[in-house]
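The values are calculated or read from the model by the stated rules, or taken from the named source; none is laboratory data. All of these numbers come straight from a predicted model, not from anything done at the bench. So basically every Cβ, Gly included, is an ideal-geometry build from the backbone, and we count neighbours across all protein chains shown.
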Amino acid sequence: MALPDFNQSGDLPTGVHRAAVEEVAARFGRGFGKRRLVTQRLLHIYDLAKRTQHLQRFVLFGSYITDKPEPRDVDVTVVMDGHSQLDDCPAESSGLFDHALAQARYGASIFWTRPNTLLNNSAKVLRD
């Protein structure tokens, strides 16, 4: 399934749009300078996440997936399967799971979670 066209604001339409990493790189990696550099970072981050052998979803958001010629960085949420253990991941992938380190090392805002983390019995909802 092809990624949809940008809306009038230069964003993808609201929703979840599934795509292979190669399709994402082909669509959003065009151009020169910062966009190409951010795409290289994205592909490296994806490779590191795959090396854990526990990657379930790789969710992109932010300025990278817009028509902005120079996105600030790449924003990613890495969803790991319920069997993943940070202590067991390859050393080269461990930096993905420390937000500040990932920002410094990869120039990316990387968040991570497991599918059951937000929905387990210990989750609390904060209200104003």
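Within the stretch 38-62, being surrounded by fewer than 17 Cβ atoms within 10 Å (Cβ to Cβ), part of a helix (DSSP H, G or I), of a type outside the set (Lys, Arg) and touching a residue at least 12 places away in the same chain (Cβ under 8 Å) holds for Leu43, His44. For the stretch 96-109, the criterion of being among the aliphatic types (A, V, I, L, M), without any contact (Cβ under 8 Å) to a residue 60 or more places away in the chain, within 22 Å of Glu23 (Cα to Cα) and assigned to a strand (DSSP E or B) is satisfied by no residue at all.
Filter the stretch 84-110 down to the residues that are farther than 22 Å from Lys34 by Cβ and among the charged types (D, E, K, R), then identify the one that is surrounded by the fewest Cβ atoms within 10 Å (Cβ to Cβ).
Let us first name the residues in the stretch 84-110 that are farther than 22 Å from Lys34 by Cβ, namely 84-94, 97-98.
Filter again for among the charged types (D, E, K, R), leaving 87-88, 92, 98.
Details: Asp87: 5, Asp88: 10, Glu92: 11, Asp98: 14.
Only one residue fits best here, namely Asp87.
When the test is whether a residue is under 27 Å from Phe6 (Cα atoms) and modelled with pLDDT under 95, Arg57 passes it.
Residues that are closer than 20 Å to Arg114 by Cβ, out of contact with any Pro (no Cβ under 8 Å at 6 or more places or on another chain) and part of a strand (DSSP E or B) do occur in the stretch 79-94, at least one of them. Here the condition is being in a loop (DSSP other than H, G, I, E, B) and either acidic (Asp, Glu) or in contact with a Pro (Cβ under 6 Å, 6 or more places away or on another chain) (or both); of Pro69, Pro115, Pro13, it holds for Pro13 alone.
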